[in-house]
Amino acid sequence: METLFIGRNLIFLPEVPSTNSYAMNLLKNVNSPEGTVVYTAHQTQGKGQRGSSWRSEPARNLAMSVILKPNFLSMKNQFFLYQISALACYDTMSELLDSSQFDIKIKWPNDIIINQKKIAGILIENNILNNQINGCIVGIGVNINQQFFDRDLNATSTRLLTGKDFFIHDVMARLCLHLEKHYLALKNEKLVAIRDNYMQHFFGLNNWMDFEIDDVVKTLMVTSLSDRGLLLLKEKNGTLHEVDVKEIKWLY
């Protein structure tokens, strides 16, 4: 690992229900160094947003969780952890793929999509103590060499996009390097630069998109994000909405 601390301590598990759950147990019960990475060849109960599962073929994809200790970060700025994780994934995909051929975007709140198909997902779980972030687990799943997905997932992989197999450990090393870079920027309070970079690659920004809200399909413009990381949408009559991930579903 060409990093200072992220990925310097690696824990490989041939099989585990969830790397996030395993890493959270380490965070709470073991004095593991910041930057510890837990990864596996087979995650049997991977977690997704809204309590969904992350399904992955054994030994074909990357499932990893990183222990961070951002006690310098206020609760109101916790969404920046998602932003730097998404930027790390974006930078990694941009290195692996020719960005002139592939449309790589960050889809709020936690996905990386290429040509409007999901290639990576992020799940961050914080350990809160005395109303402060005592530690967090950055879980990242990346579709690498898998070739078959359930149709309802609308997913892709680097293998499907390029016709080539990739070394999973190499992808992980790149991710660790980029995550560390953005995490150090966060630690140095480069909040404006991080947000600007994040929004530059934001899927649907300033476009009219279809969403399902309360079982009704609406066409709304994606305008920005709130300071809390909520999605800001505008109706055609100018009405603004601030929505959480549980309140809407993207349709595209």
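The values are calculated or read from the model by the stated rules, or taken from the named source; none is laboratory data. From a predicted model like this one, the values you see are computed outputs, not experimental measurements. Cβ atoms come from the backbone with ideal geometry, glycine included; neighbour counts cover every protein chain shown.
Which pairs turn up if I take residues in region 105-116 that are free of Cβ contacts under 8 Å to residues at least 60 places away in the same chain and look for partners that are of a type in the set (Phe, Trp, Tyr) with beta carbon separation below 7 Å, at least 6 apart in sequence or on another chain?
Ile112/Tyr90; Ile114/Phe102; Asn115/Phe102
Looking at Pro14, Pro58, which is the one that is in the same structural domain as Gln147 (by TED's automatic domain parsing) and modelled with pLDDT of 95 or more? Give the derivation first.
Values: Pro58 fails: modelled with pLDDT of 95 or more.
The conditions single out Pro14.
For region 193-201, state whether one or more residues are surrounded by 12 or more Cβ atoms within 10 Å (Cβ to Cβ), in a strand (DSSP E or B), touching a Phe, Trp or Tyr at 6+ places or on another chain (Cβ under 7 Å) and of a type outside the set (A, V, I, L, M, F, W, C).
no
Which residues, counting only those in region 119-140, are free of Cβ contacts under 8 Å to residues at least 24 places away in the same chain and either closer than 23 Å to Arg159 by Cα or part of a loop (DSSP other than H, G, I, E, B) (or both)?
Asn130
Output the number of residues of region 155-178 satisfying the condition of being in a loop (DSSP other than H, G, I, E, B) and among the hydrophobic types (A, V, I, L, M, F, W, C). Break it down stepwise before answering.
The initial filter retains those residues of region 155-178 that are in a loop (DSSP other than H, G, I, E, B), namely 156-157, 163-167.
Now restrict to residues that are among the hydrophobic types (A, V, I, L, M, F, W, C): 166-167.
Final tally of qualifying residues: 2.
Of the residues Pro33, Pro70, only one is of a type outside the set (Ser, Thr, Tyr), surrounded by fewer than 18 Cβ atoms within 10 Å (Cβ to Cβ) and in a loop (DSSP other than H, G, I, E, B); which? Outline the logic, then answer.
Details: Pro70 fails: surrounded by fewer than 18 Cβ atoms within 10 Å (Cβ to Cβ).
Exactly one residue qualifies, and that residue is Pro33.
Looking at (1) assigned to a loop (DSSP other than H, G, I, E, B); (2) surrounded by 17 or more Cβ atoms within 10 Å (Cβ to Cβ), which is the only condition Ser99 fails?
Here Ser99 meets the rest and fails (2).
With the requirement that a residue be free of Cβ contacts under 8 Å to residues at least 24 places away in the same chain and not in a loop (DSSP other than H, G, I, E, B), what does region 209-221 give you?
Scanning region 209-221 gives Val216, Lys218, Thr219, Leu220, Met221.
Search region 223-242 for residues being in contact (Cβ under 8 Å) with a residue 40 or more places away in the chain and in a strand (DSSP E or B), and hand back the single one that is surrounded by the fewest Cβ atoms within 10 Å (Cβ to Cβ).
Leu225
Looking at Asp152, is it at pLDDT below 95 and in a helix (DSSP H, G or I)? Reasoning before the result, please.
On the way: at pLDDT below 95: yes; in a helix (DSSP H, G or I): yes.
It is true that Asp152 is at pLDDT below 95 and in a helix (DSSP H, G or I).
Please find, among Leu179, Leu153, Leu205, Leu161, the residue that is within 26 Å of Thr36 (Cα to Cα) and under 20 Å from the mean Cα position of the chain (by Cα). It would help to see each step written out before you state the result.
Values: Leu153 fails: within 26 Å of Thr36 (Cα to Cα); Leu205 fails: within 26 Å of Thr36 (Cα to Cα); Leu161 fails: within 26 Å of Thr36 (Cα to Cα).
Sole residue among the options that is within 26 Å of Thr36 (Cα to Cα) and under 20 Å from the mean Cα position of the chain (by Cα): Leu179.
Report yes if some residue within region 118-127 is surrounded by fewer than 20 Cβ atoms within 10 Å (Cβ to Cβ), outside the structural domain of Val222 (by TED's automatic domain parsing) and under 9 Å from the mean Cα position of the chain (by Cα); otherwise report no.
No, the conditions are met nowhere in region 118-127.
Can you find a residue that is under 28 Å from Leu27 (Cβ atoms), among the charged types (D, E, K, R) and surrounded by 20 or more Cβ atoms within 10 Å (Cβ to Cβ) anywhere in region 102-111?
Our first condition is that a residue be under 28 Å from Leu27 (Cβ atoms); within region 102-111, this holds for 106-111.
Applying the additional criterion that residues be among the charged types (D, E, K, R) yields 107, 111.
Pick out the ones that are also surrounded by 20 or more Cβ atoms within 10 Å (Cβ to Cβ) and you get 111.
Yes, the conditions are met somewhere in region 102-111.
Using the structure shown, decide if Ser65 is crowded, with 20+ Cβ neighbours inside 10 Å, among the polar types (S, T, N, Q) and assigned to a loop (DSSP other than H, G, I, E, B). If you could, list the steps in order and put the result at the bottom.
Values: crowded, with 20+ Cβ neighbours inside 10 Å: yes; among the polar types (S, T, N, Q): yes; assigned to a loop (DSSP other than H, G, I, E, B): no.
It is false that Ser65 is crowded, with 20+ Cβ neighbours inside 10 Å, among the polar types (S, T, N, Q) and assigned to a loop (DSSP other than H, G, I, E, B).
For the list (1) within 28 Å of Val38 (Cβ to Cβ); (2) exposed (fewer than 14 other Cβ atoms within 10 Å of the Cβ); (3) free of Cβ contacts under 8 Å to residues at least 40 places away in the same chain; (4) not aliphatic (A, V, I, L, M), I need the number of the one condition that Lys246 fails.
(3)
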